[in-house]
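Derivation of every value follows stated rules applied to the coordinates shown; laboratory data play no part. Remember, predicted model here, so these are calculated numbers, not experimental data. FYI the Cβ positions are ideal-geometry reconstructions off the backbone, even for glycines, and counts take in every protein chain you see.
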Amino acid sequence: MKIDAHAAEHTPVYPANLRRRRCYLVISGDVKRLSDDGMALDPRSVDLSDKGVRQARELSVMMQHVAFDRAVCSDYSCARQTANILLDEQESMLEQAKAFSDIKAGCFSKITPQHPDDRVCQAYETIGEGDGTFLGGEHWDSFENRVLEQFFRLIGEPAWRSLLLVSHDAVGRVLLAWAMGSDRHIMSSLKQDSACLNIIDLDVVGTQVLKRLVRGINITPYDLCKIADSQTVLTVS
């Protein structure tokens with residue numbers, strides 16, 4: 001048998017205290033973004049639409065055998081509802097973290113179905129700008145910082161191994177970009193559908209992340225092959 005004398009040099013040596021932790025990152029189910037008279041609704045208090053409830057329930061069926069030992073959602077009503085559907089009888093374990101709220105827009109109140117604003121469809125194109133904002137609202141720099149700082153706090157808390165995190169489109173994109181070892185410039189390409197599931201594994205020693213593995217992106221059990229809806233979240237009212 002031929003022995004490769006250099007094989008050991010390329011074989012990773014893992015610390016004995018290495019732990020693999022998993023984050024089930026879920027995006028809130030569908031919501032009604034505009035009132036009947038065409039005005040933008042406050043995203044913080046909007047509940048899931050009937051469609052959003054169905055989406056979350058289908059995801060719940062797919063995830064029925066997944067065990068969570070930590071559950072966190074944003075302070076938005078739709079995120080809390082989505083998380084509660086997924087947790088079923090474990091609702092009492094759910095925590096809320098305001099830092100995982102969606103990026104704040106500056107001009108949604110001026111957009112109506114009768115007068116669509118092209119900036120909505122191009123909202124992520126300002127990511128690379130030094131002083132870029134989301135639709136004239138929150139700066140991308142500050143948004144990315146608050147999301148990652150809160151996520152790093154969770155990583156620094158060692159008790160959990162299986163985390164359910166329910167948040168929003170832009171938050172999911174930030175966390176996926178980080179998990180891929182990239183910067184936020186790839187966010188515009190990371191599509192996040194309503195009630196989608198992303199799976200991120202973390203190899204951790206203490207609070208130090210040694211490796212990040214993205215195992216699934218934008219998984220939607222209600223439309224696995226993305227046939228029914230080709231629109232993006234921001235173009236759906």
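Sorted on the mean count of surrounding Cβ atoms within 10 Å across their residues, most packed first, peptides 165-178, 138-151, 207-220 read 165-178, 138-151, 207-220.
P(r) for region 58-100, from all Cα pairs and a bin width of 10 Å, is 30, 57, 14 %, short bins first.
Taken one residue at a time, the phi angles of region 92-104 give Karplus couplings (6.51, -1.76, 1.60, θ = phi - 60°) of 5, 7, 6, 10, 10, 9, 4, 5, 8, 5, 5, 5, 8 Hz. Gly and Pro are set to x. Within the shell defined by Cβ-Cβ distances under 10 Å, the residues around residue 103 carry a net charge of -1, with Lys and Arg each +1 and Asp and Glu each -1. Residues in region 192-210, backbone N under 19 Å from the label point at residue 57 (7 Å along the Cα-to-beta-carbon vector): list them, ranges by number please. Flagged as within label range: 194-197.
In a fully extended conformation the segment linking residue 225 and residue 145 would gain 25.5 nm over its present Cα-Cα distance, using 0.36 nm per residue.
Using the beta-carbon distance between residue 208 and residue 44 and R0 = 25 Å, what value does 1/(1 + (r/R0)^6) give for FRET efficiency, to the nearest 0.05? The partial results should precede the final answer.
Working: r = 34 Å, r/R0 = 1.38.
Here the calculated transfer efficiency is 0.15.
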